[in-house]
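Each remark here refers to the structure printed beneath this line.
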């Protein structure tokens, strides 16, 4: 691959293009001065300073309540589904038992008929 190397110069930067290889990303280094600015502008780091403690507590309480409600609905749904599945299982067991009973009775009847035909009367 070294055969396909080219060098380009655009006046300021010089870089090498190597065909067939992925470009290598150089890590970006931030200045120490920029790191303080990022903390203030990043919304994920905390709530805004304008919010009072009561508002924050109220929002957190609402979030907890919503999570509780979602968990409760999921639990109720799971309980309903489990109850339905248990009911279906019981129904299927009764049906299979009835089918087995009918099959057994049919087999006994068929064997009795075969024995009667073989016996001299």
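By the gyration tensor of its Cα atoms, with a ≥ b ≥ c the square roots of the eigenvalues, what is the shape of the stretch 53-121: rounded for a/c under 1.5, prolate for a/b over b/c, or oblate? Since a/c reaches 1.5 and a/b is larger than b/c, the shape of the stretch 53-121 is classed as prolate.
In plain terms, the residue of 118, 84 with the fewest other Cβ atoms within 10 Å comes first and the most crowded comes last, giving 118, 84.
FYI, it's all coordinate maths here, none of it is from the lab. This one's a predicted model, so the numbers in the text were calculated from it and none came from an experiment. When we count neighbours, we look across all protein chains shown, and the Cβ atoms used for this are built from the backbone with ideal geometry, even at glycine.
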